[in-house]
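Notes for the one structure printed next.
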């Protein structure tokens, strides 16, 4: 029953999609066909009647590929949830110089409008993505376009066939209807693999994107590192260092009072001892924040087990042993798990959590699941966005699924070579 | 008592040896690396040993591993582990064999000479000496098991102090209760935990182990 209910819907949706794909991918051939028809209508023998169609073809072929590709990319992302990076060159900022002229990265212009226009033109001309778009517009009509045109063509055949009185025409019409209905749910699908294959950025473009990504990551990493060092300096300065000064002072005063007032001296010595204990506790916390001792002594799996024991919720840890990774990756994954568990306690109000650490040929995978109330998301400037950024420094990824009401599942993947 | 001291930092090792000798005990051997520690424990079978967790050659948990290895060979060999940080994970590993004679304290516990020597003597006698922070973390974890959930709050805190290694008198002083009240609590507690042997010190150790090995 369910199939009967969904089948007409699938045909309807598929038909609309096929029409959209056919319309977009056959746009440029349609322009060519229209131009040819115009030329023939004006008189194929007279060469002058071909100038306007030639102009139409040129403009259509040059101007249409980019919007066609944008639309295809949008449709594929919408229907198949496959995001194909556009990879177009981005213009730098247009800035006004002290001379009053505008600099757009290529040339100086008198006005901002000129500068932006000039930048757009130059980028457009020099962008290798144009060649890819042009090639795609040439390929797509003969692949996805032809297939997607089947359902609308079948419907057209049916309309034309049933409009005529002959039985043969009715037969053709019926056949067209059958083809249209049968192919509708599937005809739009070939556009996905074709787009993925031919519309993805070329190696050079991918490389340029990667350079941009790495530049951003490096900037992030240096900023984060500087902030971390400043935090450590501040903690040492306000904590241990100040306490040691006080401790030295107590001991010095006690030394002075030793003969004249032994009771006071003893009290000061007790203060000094308490001060030493307190500064040790502070240093211990500080060290735990920089690099947890268990991580150095035992590696990731045991460090996570130790962390689980310290958490105020029930944490079950299953880990492949032995799991020794590069220290920076170990530390990033450890602090990632610590943050996710803290979130489970603080935000999700979970009572149980499961941590799974696995290792395969490509990298290390850490999964944290809790039984909390869910609703977690990666928001700009949030803790999870920061975690994702820190993992990105190792080309690692963070995926969160957290429907409202829970449970929350987080999966961190960091690629690393097997040791 | 005959004591082995294993610690890689010369100043600290020297200080501890002097402190122990000043309190009238004998330091029979010192060690500065993991393998040396294991050798010393095998050779001397000391009444108790003081061992640092992190030691050369790898600066990982060599001291702890040496202590665990020695206790596998010589069950119940009393060890007192000293560290800059205490971890429940390590505490559980030390207590896992269930034979007592284990201490696990922060290094600053040597600041108070009397308490430190007291802890050494307790461990040598087969008891336990656990850092209060390990106990505190265990108390804050809310999922007791193996009969622990039947304990009242007061019995629970008595058990916590017992795990730190305190005697009935000391627990009484800490909780402002009389000795007899404490022994009443401990008796009902042992009953609830199903520990019915006659030997009190053995029961104490086993109660503490039940407590510390909670899932």
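No lab work stands behind these numbers, since they all come straight from the coordinates. Keep in mind that this is a model prediction, so the values were computed, not measured. Cβ coordinates were reconstructed from backbone atoms using ideal geometry, including for glycine residues, and neighbour counts include every protein chain displayed.
Report the FRET efficiency, 1/(1 + (r/R0)^6), for residue A:32 and residue A:320, where r is their Cβ-Cβ distance and R0 is 60 Å, rounded to 0.05. Write down the numbers at each step before the final one.
Working: r = 60 Å, r/R0 = 1.00.
According to the calculation, E is roughly 0.50.
Within a 10 angstrom radius of each residue's Cβ in A:297-303, how many Cβ atoms of other chains show up on average? Whole number is fine.
Working: counts 14, 7, 1, 0, 0, 5, 2.
The per-residue average across the peptide is 4.
Find, to one decimal place in angstroms, the Kirkwood hydrodynamic radius of the stretch A:169-253, where the mean of 1/r is taken over every pair of different Cα atoms and then inverted. All intermediate terms of the calculation are to be shown ahead of the outcome.
Details: mean 1/r = 0.0493 Å⁻¹.
After inverting the mean inverse Cα-Cα distance, the result is 20.3 Å.
From zero outward in steps of 20 Å, how is the percent of C-alpha pairs of the protein assembly as shown spread across the bins?
Going from the shortest bin to the longest, the percentages are 13, 32, 24, 17, 10, 3, 0.
How large is the helix-only mean residue ellipticity at 222 nm for chain B, computed as the sum of -39500 (n - 2.57) over DSSP H runs with n ≥ 4, divided by its residue count, in deg cm²/dmol to the nearest 500?
About -16000 deg cm²/dmol.
On full extension of the chain, what length is gained from residue B:26 through residue B:58, given 0.36 nm per residue of separation minus the C-alpha to C-alpha distance?
Numbers: separation 32, 0.36 × 32 = 11.52 nm, distance 2.92 nm.
Answer, rounded to one decimal: 8.6 nm.
Using the number of other C-beta atoms within 10 angstrom as an exposure proxy, rank A:58, B:23, A:416, A:69 with the fewest first.
On the way: A:58 11, B:23 15, A:416 18, A:69 25.
In order of increasing Cβ crowding within 10 Å: A:58, B:23, A:416, A:69.
So what's the angle, to the nearest 10 degrees on a 0 to 90 scale, between helix A:167-187 and the longest Cα principal axis of chain A?
10
For a test of the definition: using alpha carbon positions, the gyration tensor, and the 1.5 limit on a/c, classify the stretch B:13-109 as rounded, prolate or oblate. Don't jump to the answer; show the numbers that get you there.
Details: a/c = 1.31, a/b = 1.21, b/c = 1.08.
Rounded.
With runs of 4+ DSSP H residues as the only contributors, calculate the mean residue ellipticity of chain A at 222 nm using -39,500 (n - 2.57) per run, divided by the residue total and rounded to the nearest 500.
-22000 deg cm²/dmol, from helical runs alone.
Rank these for me by crowding, A:417, A:109, A:297, going from fewest to most other beta carbons within 10 Å.
Working: A:417 9, A:109 18, A:297 24.
Exposure proxy ranking, most exposed first: A:417, A:109, A:297.
Please grab the % of Cα pairs in the stretch A:323-377 that end up more than 18 Å from each other. Walk me through the intermediate numbers first.
On the way: 551 of 1485 pairs.
So the pairs more than 18 Å apart make up 37 percent of the total in the stretch A:323-377.
Helix A:242-260 versus the longest principal axis of chain A: what angle, 0 to 90°, nearest 10, using Cα atoms?
Once rounded, the angle reads 0 degrees.
For the stretch A:298-415, what is Rg from Cα atoms divided by 2.2 N^0.38 Å, rounded to two decimals?
Numbers: Rg = 13.2 Å, N = 118, 2.2 N^0.38 = 13.5 Å.
So the stretch A:298-415 has a normalised radius of gyration of 0.98.
Compactness ratio of the stretch A:205-290: Cα Rg over 2.2 N^0.38 Å, N = residue count?
On the way: Rg = 22.8 Å, N = 86, 2.2 N^0.38 = 12.0 Å.
This ratio for the stretch A:205-290 stands at 1.91.
What share of the DSSP beta bridges in the protein assembly as shown is antiparallel, in percent to the nearest 5?
Values: 25 of 52 bridges.
Just about 50 percent of them are antiparallel.
Above 22 angstrom, tally the Cα pairs of the stretch A:1-126 and express them as a % of all pairs, no decimals.
Working: 4982 of 7875 pairs.
For the stretch A:1-126, the share of Cα pairs beyond 22 Å comes to 63 percent.
For chain B, what class follows from the C-alpha gyration tensor (a ≥ b ≥ c being the square roots of its eigenvalues): rounded when a/c is under 1.5, otherwise prolate if a/b is larger than b/c, else oblate? If you can, show how the numbers build up before the last one.
Working: a/c = 1.97, a/b = 1.71, b/c = 1.15.
Because a/c hits 1.5 or more and a/b exceeds b/c, chain B counts as prolate.
What average count of beta carbons from other chains do you get within 10 Å of the Cβ of residues in A:275-286?
That average works out to 2.
Taking N as the number of residues in the stretch A:242-321, what is its alpha-carbon radius of gyration divided by 2.2 N^0.38 Å? Working shown, then result.
On the way: Rg = 20.3 Å, N = 80, 2.2 N^0.38 = 11.6 Å.
Dividing the Cα radius of gyration by 2.2 N^0.38 Å gives 1.74.
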